[in-house]
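Accompanying notes for the structure given below.
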There are 2 protein chains.
Amino acid sequence: MYYETKNINQAQKIINAAFKCISERGYANVSQRDIADEAGVVLSQLNYYYKNKEGLFAEVIKTLARHYLNEIEDNLKKGKTEKERMFILIEYFQEMLRIKPELFKILFDLTSMSLWSESLKKLQHDLFNDIAGLIRKYIIFESNIEKSKYNSSITLSKVMLGTLFGTSIQAMLDEEKEDMIESLSVLKVLFR
Amino acid sequence: MYYETKNINQAQKIINAAFKCISERGYANVSQRDIADEAGVVLSQLNYYYKNKEGLFAEVIKTLARHYLNEIEDNLKKGKTEKERMFILIEYFQEMLRIKPELFKILFDLTSMSLWSESLKKLQHDLFNDIAGLIRKYIIFESNIEKSKYNSSITLSKVMLGTLFGTSIQAMLDEEKEDMIESLSVLKVLFR
DNA sequence: TATCAATTCGGACAACCGTCCAATTATATT
DNA sequence: AATATAATTGGACGGTTGTCCGAATTGATA
């Protein structure tokens, strides 16, 4: 129905505005008033749709997770072999770091924000788990890495995600991040 | 002189209190009043010694960097071979995650805080660079990893740090973090 | 002891924050 | 057309924030 899509749009406008504000200035430096202004909406609308600030931020995390999990999986599906899919994932991170660095900013920011709230922590934990799950599903590790009790495919998936994430952070801290981005290519030989 | 050491103590008390507050609740949830109370000091003392909030946080980062760079290097010096030193570093991270998880909380927190301030970003970037420098100095990568333009020893050092960092974050998000901590042992075979 | 700078103190200030609510308006249902 | 529900508005509220400043205290110097 019309009024429903209109409401969804209104609610979505708020999420989008929140996303923009947070990725530009960080969750700690953004007020609900900032988000309302950015969305072209009155302040009380935020509490109407999302109850309170934490509820709003939780929804931002959920939206972000949904969007990029789909995007990553869509990309992975294009690869024919495990090796090909690993390359796709690495290059996806590299491309994102180049053309959408604000995505990583908000990802890091929301992650550290989540450390201080049990409910948000669970959301963020699920996000990491789901991405690691994709890695495990589409990029199976065999070959050169010896098996032991420490490196099941699920463990390796998480460590690979950790490498991508931790290296990306360093890239974001770097004024000249291009070198750091390129160095992500090392993963291609590390996890093989 | 006496009054000087007293002042240093006063200033140091503030830093320590800031460290404690931030590692317990996150920089975004801590006010200067909280820190002053924790330090047993009057509010205006913070601005007297550190000018403003950012100045105080900058000093926290510097202190943290100094302390743990020394601690890490002291540990690395104990190892006799490159392989031994790599094990030491990995086990240092594992031990810290177990007995001092608040250290990682504040490390992640200050890192994401630094994304939104140019001056803090530089401090944090230096910290990462220095740790990577230690890795490069004490743990030289040769052996199984093929050389190319992408994996100089400095690049590998940063990626290894990224792996430690990114995997540690996932451990902090996990309610049962022990498995994640153990999986850091994979690094022993990954970077070899 | 008198002087002076460094430190400590208490409080003020204006600005901002998240939350809440009564009212108005829009939309759908009967 | 009348009614009920949902959405939107504007503003108020108590509380907290970072910053600043004048006065009091301390300790060293001469």
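Taken together, B:46, B:110, B:123, B:76 contain a single residue that is crowded, with 20+ Cβ neighbours inside 10 Å and either more than 14 Å from chain A (Cβ to nearest Cβ) or among the basic types (Lys, Arg) (or both), which is B:46.
No other residue among A:134, A:127, A:103 is part of a helix (DSSP H, G or I) and either over 25 Å from residue A:14 (Cβ atoms) or assigned by TED's automatic domain parsing to the domain that holds residue A:30 (or both) apart from A:134. Restricted to region B:1-80, the set of helices (runs of 4 or more DSSP H) holding at least 2 residues that are closer than 20 Å to residue B:105 by Cα comprises B:2-25, B:32-39, B:53-78.
The residues of region A:38-77 that are acidic (Asp, Glu) and more than 16 Å from DNA strand C (Cβ to nearest atom), listed by number, are A:71, A:73, A:74.
Among residues belonging to region A:126-163 that are surrounded by fewer than 20 Cβ atoms within 10 Å (Cβ to Cβ) and β-branched (Val, Ile, Thr), point out the one that is modelled with the lowest pLDDT. Ranking the qualifying residues of region A:126-163, first place goes to A:145. Condition check for residue A:81 on (1) touching a helix residue (DSSP H, G or I) at 6+ places or on another chain (Cβ under 8 Å); (2) away from chain B (no Cβ under 14 Å): one failure, at (1). Does any residue of region A:63-77 turn out to be closer than 27 Å to residue A:175 by Cα and among the basic types (Lys, Arg)? No, the conditions are met nowhere in region A:63-77. Here residue B:99 clears all of (1) away from every other protein chain (no Cβ under 14 Å); (2) aliphatic (A, V, I, L, M); (3) surrounded by 16 or more Cβ atoms within 10 Å (Cβ to Cβ) except the condition numbered (3). Criterion first (buried (at least 17 other Cβ atoms within 10 Å of the Cβ) and within 9 Å of DNA strand D (Cβ to nearest atom)) does residue B:41 satisfy it? For residue B:41, the condition - buried (at least 17 other Cβ atoms within 10 Å of the Cβ) and within 9 Å of DNA strand D (Cβ to nearest atom) - is not met.
Residue count for region A:47-66, restricted to those that are over 18 Å from the mean Cα position of the chain (by Cα) and among the β-branched types (Val, Ile, Thr): 0. Across region B:22-33, the qualifying residues are those that are within 14 Å of chain A (Cβ to nearest Cβ) and surrounded by fewer than 19 Cβ atoms within 10 Å (Cβ to Cβ), and the one among them that is farthest from DNA strand D (Cβ to nearest atom) is B:24.
Considering every residue within region A:101-122, establish whether at least one is more than 25 Å from residue A:28 (Cβ to Cβ) and basic (Lys, Arg). Checked against the condition, which is being more than 25 Å from residue A:28 (Cβ to Cβ) and basic (Lys, Arg), region A:101-122 yields no hits at all. Pull out all pairs, ordered by first then second residue, where Cβ-Cβ is under 8 Å, the residues are six or more apart or on different chains, the first lies in region B:45-56 and is free of Cβ contacts under 8 Å to residues at least 40 places away in the same chain, and the second is among the polar types (S, T, N, Q) and outside any helix (DSSP H, G or I). Correct list of pairs: empty, since none qualify.
Set side by side, the residues A:72, A:22, A:88 differ, and just one is in the same structural domain as residue A:118 (by TED's automatic domain parsing) and in contact (Cβ under 8 Å) with a residue 60 or more places away in the chain, which is A:72. For residue B:153, indicate whether it is at the interface with chain A (Cβ under 8 Å from one of its Cβ atoms) and of a type in the set (S, T, N, Q). No; evaluated as a whole, the condition is false for this residue.
Of the set (1) surrounded by 14 or more Cβ atoms within 10 Å (Cβ to Cβ); (2) within 14 Å of chain A (Cβ to nearest Cβ); (3) among the polar types (S, T, N, Q), all apply to residue B:63 but (2).
The values are calculated or read from the model by the stated rules, or taken from the named source; none is laboratory data. It should be emphasised that the depicted structure is a prediction, and the values quoted were computed from it without experimental measurement. Reconstructed Cβ throughout: ideal geometry from the backbone, glycine too, with neighbour counts over all protein chains shown.
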